[in-house]
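Everything on this sheet refers to the single structure shown next.
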Amino acid sequence: MKKNTLSLSAKFLPAVAALLLAIGAQASPKLIKKVAPEFPREAAQKGISAGTVKAKLSIEADGKVSGVDIIEAEPRRVFDRAVTTALMDWRFEAGGEKQTHEVKLVFKNDD
């Protein structure tokens, strides 16, 4: 019985490997318009000169960003609004289907 189970699993390995390759090979959407977020004046006034934000974009089939979710931010809630405003103006090449894409933005104020 064990031999049958192993041979059955072995029979499906090429299909499973092909599926995993297809999932892993999914190309990132092609960015065609990028808008840089502004460094928030409130952050500078509070003495914050740097930070990072990781966000997940919801991208419609036509390439427009329909939503932005903040996944991580350091410091928290300082750059969220600036990131959301900028990313909502980003545009991607039309992909024919809805998709998501993660980006990490780094803020640094040299003033």
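The values are calculated or read from the model by the stated rules, or taken from the named source; none is laboratory data. Just so you know, these numbers come straight off a predicted model, no measurement behind them. So basically every Cβ, Gly included, is an ideal-geometry build from the backbone, and we count neighbours across all protein chains shown.
Below are the figures for this structure:
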quantity	calculated
Residue 17 modelled with pLDDT of 95 or more and surrounded by 10 or more Cβ atoms within 10 Å (Cβ to Cβ)	no
From the options 106, 83, residue that is part of a helix (DSSP H, G or I), within 24 Å of residue 44 (Cα to Cα) and touching a strand residue (DSSP E or B) at 6+ places or on another chain (Cβ under 6 Å)	83
Cβ-Cβ under 7 Å pairs, at least 6 apart or on other chains, the range 43-67 side at negative phi, far side assigned to a helix (DSSP H, G or I) and at pLDDT 95 or above	53/80; 53/83; 55/83; 55/87; 57/87; 65/87
The range 42-76: number of residues that are farther than 27 Å from residue 92 by Cα and part of a loop (DSSP other than H, G, I, E, B)	6
Residues of the range 41-77 classified as buried (at least 19 other Cβ atoms within 10 Å of the Cβ) and within 20 Å of residue 110 (Cα to Cα), total	2
Hits in the range 68-110 (condition: among the basic types (Lys, Arg) and without any contact (Cβ under 8 Å) to a residue 24 or more places away in the chain)	76, 77
